[in-house]
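Visitor: After the structure tokens below, expect a handful of questions from me.
Just so you know, all these numbers are worked out from the coordinates, no wet-lab data involved. Keep in mind that this is a model prediction, so the values were computed, not measured. As a convention, Cβ positions derive from the backbone with ideal geometry for all residues, glycine included, and neighbour counts pool all protein chains shown.
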Amino acid sequence: MRQRASLVRVATFLLGGDHAQAEDVVQTALTRVYLRWPRLRSDSMAAYARRCVVNAAIDDRRSLFRRRERVSAQLPEVAAVDAQYRDGAPLMALLARLPERMRAAIVLRCVEGLSTAEAAAAMGCSEGNVKSQTARGLERLREMYPKHAHDFV
């Protein structure tokens, strides 16, 4: 799929900057797209893929495997972060403090620049829900970081 890089970017923001987990979420989403491929219209494939990524990211956060604590005697090796994600680290840290649905609305509307209707389709909810989640998320960011409140418009 041509939009894989964009889907990984969205997933990375939704997962608070975890690029490796974002790759896994996108792979899960693309598997779901592949299974529905014969029934998808060519004009709605990108929207369906985006929705699969949002759903997979939220499902991943809820999974029991993700919540289990993993103890290790040594620290794991950490891969170098791609340059395209390095500059978004402060934004990802801010977004990580928001609930999943609020984070999804902010990422889709403010970071990806989708319309309210496109974000609603990706999240599987109404346009009003997207508007309220976006407004509440921006307000929460302003409250958490009053020094930078002018940045959250």
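Visitor: Could you give me the ³J(HN,Hα) list for region 101-110, computed from phi with Karplus coefficients 6.51, -1.76, 1.60 and θ = phi - 60°, whole Hz, x at Gly and Pro?
Guide: Once θ is set to phi - 60°, the couplings for region 101-110 become 5, 5, 4, 4, 4, 5, 5, 5, 7, 8 Hz.
Visitor: Residue by residue through region 52-58, which ³J(HN,Hα) values in whole Hz follow from phi under the Karplus form 6.51 cos²θ - 1.76 cosθ + 1.60 (θ = phi - 60°), with glycine and proline marked x?
Guide: Running phi through 6.51 cos²θ - 1.76 cosθ + 1.60 with θ = phi - 60° gives 4, 5, 4, 5, 5, 5, 5 Hz.
Visitor: Sticking with this structure for a sec: Packing-wise, with mean Cβ within 10 Å as the measure, how do 131-144, 28-41 rank, highest first?
Guide: Taking the mean over residues of other Cβ atoms within 10 Å, the ranking is 131-144, 28-41.
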